[in-house]
Amino acid sequence: MANITLKNVWKRYGDLDIVKDFNLEIPDKSFCILVGPSGCGKTTTLRMIAGLEEISEGEIFIDGVKVNDIPPKNRDIAMVFQSYALYPHMTVYDNMAFGLKLRGYSKKEIHQRVLEAAEILSIQHLLERRPKQLSGGQRQRVAVGRAIVRKPKVFLFDEPLSNLDAKLRGQMRAELKKIHDRLQSTVIYVTHDQTEAMTMGDRICVLKEGIIQQIAGPLELYDNPSNKFVAGFIGSPPMNFFEVDVANKNGNLFLNEGTFEIALPVQFKDKVLPYAGQKVSMGIRPEDIYDKLFYNVAANKVGSNRFSATVEVVEPLGSEIFLHLNTGKNEMVAKVDSHNQAKMNQIIELVFNLSKAHLFDIKDGSKII
């Protein structure tokens with residue numbers, strides 16, 4: 001397989017910069033995710049790696065070889081698109097074999113490779129069917145199989161699961177991880193779905209407006225986001241944010257939301273002290289907000305940072321419940337146990353686990369703690 005390096009890569013359309021000074025090292029055999037909202041430049045970056053888009057500036061290396069001027073067919077990559085792009089008049093076997101026929105492989109080699117890929121994907125029984133006789137998940141497997149038979153250095157996936165329903169997406173995520181583990185291939189996978197990114201990638205690159213925001217593993221992104229954008233993009237439900245005033249009272253720092261005031265843990269004092277008398281953005285994940293009545297033990301562990309909020313919506317999800325809360329000034333979501341008894345329009349007392357809180361500069365979104 002191969003490692004991939006992008007050095008100072010730019011993509012411009014006229015005066016519009018789509019990808020800006022992109023630098024990324026993708027190790028051999030890794031599963032790298034490019035994730036971000038629509039229009040962030042992730043698909044454009046993938047297409048530049050594939051050779052389908054010309055690079056405006058910078059260099060791309062595949063396995064140490066500069067590929068800026070190498071045509072797509074000679075880059076030894078295979079790409080799976082959002083649309084399956086299967087030939088409707090061909091059988092599954094012929095769809096998977098077609099690219100190998102164009103490259104002049106023998107019938108014996110083609111047959112062997114198609115059967116190997118079909119076995120990996122568990123589609124041996126579908127080889128004589130045509131695309132219209134397949135479900136969405138089966139068509140996606142055929143599209144992946146067409147890439148596998150090539151045995152390329154790099155697999156590129158451009159939002160391949162976006163056309164599938166939620167249950168099938170979950171199944172295909174697991175299948176693609178198994179395939180990666182079995183083939184030990186280098187994979188670059190583009191998605192706007194942070195759940196796909198968190199569950200599939202061992203290395204995630206978060207993009208915004210063509211600029212890399214953070215590159216890290218899933219847990220590092222979740223626990224230590226580099227800025228407010230990453231914090232809000234990674235996680236489902238997303239992190240709660242609200243503005244607070246930093247108040248210095250006799251050397252102790254407090255965060256004042258307007259309807260409540262909570263004490264800042266002493267270990268964060270040095271980093272937050274420069275913001276005394278200013279507003280900052282506080283972020284806290286739904287699972288780090290406790291219902292004091294129900295989680296009395298947990299509440300006691302995190303001190304007296306209590307506040308009251310009105311329950312506006314209760315979303316039971318079986319193993320957990322999402323409470324949509326309103327303090328009178330801000331809305332937030334708490335993830336609580338499925339046995340929680342909170343009701344709509346009820347005022348409940350809650351506790352923040354401030355050891356898990358995040359503070360961001362209100363001007364540029366940079367991380368404070």
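The values are calculated or read from the model by the stated rules, or taken from the named source; none is laboratory data. Model, not experiment: these values are computed from the prediction. Every residue, glycine among them, receives a Cβ derived from its backbone with ideal geometry; neighbour counts consider all protein chains shown. For accessibility, only protein heavy atoms count, side chains too; no ligands or nucleic acids. Shrake-Rupley method; radii C 1.70, N 1.55, O 1.52, S 1.80 Å.
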**OP:** Have a look at 92, 144 and point out the one that is closer than 19 Å to residue 157 by Cβ and touching a helix residue (DSSP H, G or I) at 6+ places or on another chain (Cβ under 8 Å).
**Re:** 144
Original post:
Is one or more of the residues making up the stretch 104-123 assigned to a loop (DSSP other than H, G, I, E, B) and charged (D, E, K, R)?
Top reply: no
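Can you tell me which residue in the stretch 184-200 is most open to solvent (accessible area, probe 1.4 Å), limited to those that are out of contact with any helix residue (DSSP H, G or I) (no Cβ under 7 Å at 6 or more places or on another chain) and assigned to a helix (DSSP H, G or I)?
Of all residues in the stretch 184-200, those out of contact with any helix residue (DSSP H, G or I) (no Cβ under 7 Å at 6 or more places or on another chain) come to 184-186, 192-193, 195, 197.
This time we only want the ones that are assigned to a helix (DSSP H, G or I), so: 195, 197.
On the way: 195: 53, 197: 0 Å².
Here the residue is 195.
Matching residues to (1) at positive phi; (2) touching an Asp or Glu at 6+ places or on another chain (Cβ under 8 Å); (3) β-branched (Val, Ile, Thr); (4) at pLDDT 90 or above:
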| position | (1), (2), (3), (4) |
| --- | --- |
| 156 | no, no, no, yes |
| 160 | no, no, no, no |
| 179 | no, no, yes, no |
| 194 | no, no, no, no |
| 209 | yes, no, no, yes |
| 219 | no, no, no, yes |
| 222 | no, no, no, yes |
| 231 | no, no, no, yes |
**OP:** Residue by residue through the stretch 119-175, note down the ones that are open to solvent by 20 Å² or more (accessible area, probe 1.4 Å), of a type in the set (A, V, I, L, M) and within 17 Å of the chain's Cα centre (by Cα).
**Re:** 166, 174
**OP:** Being touching a residue at least 40 places away in the same chain (Cβ under 8 Å) and in contact with an Asp or Glu (Cβ under 7 Å, 6 or more places away or on another chain) narrows it down to one of 83, 30, so name that one.
**Re:** 30
**OP:** Kindly list the number of the only condition in (1) touching a residue at least 60 places away in the same chain (Cβ under 8 Å); (2) out of contact with any Leu (no Cβ under 6 Å at 6 or more places or on another chain); (3) in a strand (DSSP E or B); (4) within 27 Å of residue 239 (Cβ to Cβ) that fails for residue 214.
**Re:** (1)
Original post:
Taking the stretch 1-13, which residues are part of a loop (DSSP other than H, G, I, E, B) and open to solvent by less than 70 Å² (accessible area, probe 1.4 Å)?
Top reply: 2, 3
Original post:
Given the structure, is residue 225 farther than 30 Å from residue 117 by Cα, open to solvent by 60 Å² or more (accessible area, probe 1.4 Å) and in a loop (DSSP other than H, G, I, E, B)?
Top reply: no
Original post:
Does residue 58 satisfy the condition of being at positive phi, buried (at least 19 other Cβ atoms within 10 Å of the Cβ) and not hydroxyl-bearing (Ser, Thr, Tyr)?
Top reply: no
Original post:
What about residue 245, is it free of Cβ contacts under 8 Å to residues at least 12 places away in the same chain and out of contact with any helix residue (DSSP H, G or I) (no Cβ under 6 Å at 6 or more places or on another chain)?
Top reply: no
**OP:** Could you tell me which numbered condition residue 34 fails, if it satisfies all but one of (1) surrounded by fewer than 16 Cβ atoms within 10 Å (Cβ to Cβ); (2) under 13 Å from residue 211 (Cβ atoms); (3) aliphatic (A, V, I, L, M)?
**Re:** (1)
Original post:
Quick check, is residue 150 charged (D, E, K, R) and touching a residue at least 60 places away in the same chain (Cβ under 8 Å)?
Top reply: yes
Original post:
What tally of residues in the stretch 228-252 results from selecting those that are surrounded by fewer than 17 Cβ atoms within 10 Å (Cβ to Cβ) and out of contact with any strand residue (DSSP E or B) (no Cβ under 7 Å at 6 or more places or on another chain)?
Top reply: 6
Subject >> Unmet requirement for residue 288, which otherwise passes all of (1) open to solvent by less than 20 Å² (accessible area, probe 1.4 Å); (2) under 18 Å from residue 236 (Cα atoms); (3) at pLDDT 95 or above; (4) not polar (S, T, N, Q) >> reply: (3)
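Out of all the residues in the stretch 314-329, which are open to solvent by 50 Å² or more (accessible area, probe 1.4 Å), assigned to a strand (DSSP E or B) and closer than 14 Å to residue 240 by Cβ?
324
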**OP:** Name the residue, out of 99, 104, that is more than 30 Å from residue 19 (Cα to Cα), in contact with a strand residue (DSSP E or B) (Cβ under 9 Å, 6 or more places away or on another chain) and at pLDDT below 95.
**Re:** 99
**OP:** For residues that are more than 13 Å from residue 247 (Cβ to Cβ), assigned to a helix (DSSP H, G or I) and open to solvent by less than 70 Å² (accessible area, probe 1.4 Å), tally how many sit in the stretch 265-282.
**Re:** 1
**OP:** Quickly run through the stretch 179-198 and pick out the residues that are over 8 Å from the mean Cα position of the chain (by Cα) and more than 10 Å from residue 34 (Cα to Cα).
**Re:** 179, 180, 181, 182, 183, 184, 185, 186, 187
